[in-house]
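Have a look at the structure below, then the notes.
Derivation of every value follows stated rules applied to the coordinates shown; laboratory data play no part. As the structure is a computational prediction, the values presented were derived from the model and not from experiment. Backbone-built Cβ (ideal geometry, glycine too); neighbour counts: all protein chains shown.
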Amino acid sequence: MALQTTLILFKPDAVAKNLVGTVLSRFQAEGFIVRGMKMMTLSDELLAEHYSHIADKPFFPSVRGFMQETPVIALALEGEDVISRVRDLIGPTDSTTADPGTIRGDFGFKDGDAKMRNVCHASDSPEAATAEVKRFFKDDEVFSF
């Protein structure tokens with residue numbers, strides 16, 4: 001098992017529905033350690049960088065609009081194999097296909113926005129996690145103790 005750090009973004013639906021503490025407690029119950037956490041508004045530039053893989057798609061403006069509805073909470077989370085374990089815990093991107101007991105299955109939207117309003121983003125690989133943590137946190141905002 002590898003000790004890793006991943007990025008979680010609590011999306012506007014999680015913030016608006018006051019789910020941050022509930023979801024965070026699920027991560028902590030798995031033994032993951034918070035290494036950094038902050039609330040922030042996302043600029044157009046940051047969103048274009050973070051979603052560069054879809055920034056040229058016709059639906060990107062709706063993604064950007066959604067991600068700017070409220071501030072988000074960025075979380076740097078550490079643990080053994082945290083990247084794959086968090087992805088299993090949150091469930092698939094489409095909340096309508098997420099099993100009960102997963103975060104998206106329990107709290108994600110069950111309508112047309114189920115792929116976007118799905119509670120949180122989580123890094124999908126070690127390379128993505130490294131880049132995403134650096135994108136959302138300065139070096140002095142991620143702590144080891």
In Å³ and rounded to a whole number, note down the convex hull volume per residue for the Cα atoms of region 53-139.
115 Å³
Over 22 Å between Cα atoms, which of Lys11/Lys115; Lys17/Lys57; Lys11/Lys110; Lys38/Lys115 qualify?
Lys17/Lys57; Lys38/Lys115
Let me have the relative contact order for the chain, percent, based on Cα pairs under 8 Å that are six or more residues apart.
37 percent
For Thr41, Thr70, what ranking results if the residue with the fewest other Cβ atoms within 10 Å of its Cβ goes first?
Thr41, Thr70
Extreme residue, positive dipole direction of region 71-145, given options Pro126, Ser84, Ile103 (C-beta unit charges):
Ile103
If we count other beta carbons within 10 Å of each Cβ, what is the order of Met67, Met1, fewest first?
Met1, Met67
Assign unit charges at the C-beta atoms only (+1 for Lys and Arg, -1 for Asp and Glu), then state the dipole size of region 9-145 relative to its Cα centre in Debye, rounded to the nearest 20.
300 debye
Protection-proxy order for peptides 78-90, 4-16, each taking the mean of Cβ atoms within 10 Å per residue, highest first:
4-16, 78-90
When N is the residue count of the chain, what does its C-alpha Rg come to as a fraction of 2.2 N^0.38 Å?
0.98
Could you tally the net charge around Ser123, taking each other residue with its Cβ under 13 Å from the Cβ of Ser123, Lys/Arg +1 and Asp/Glu -1?
-1
Packing rank of 102-110, 53-61, where each peptide gets the mean count of other beta carbons within 10 Å, highest leading
102-110, 53-61
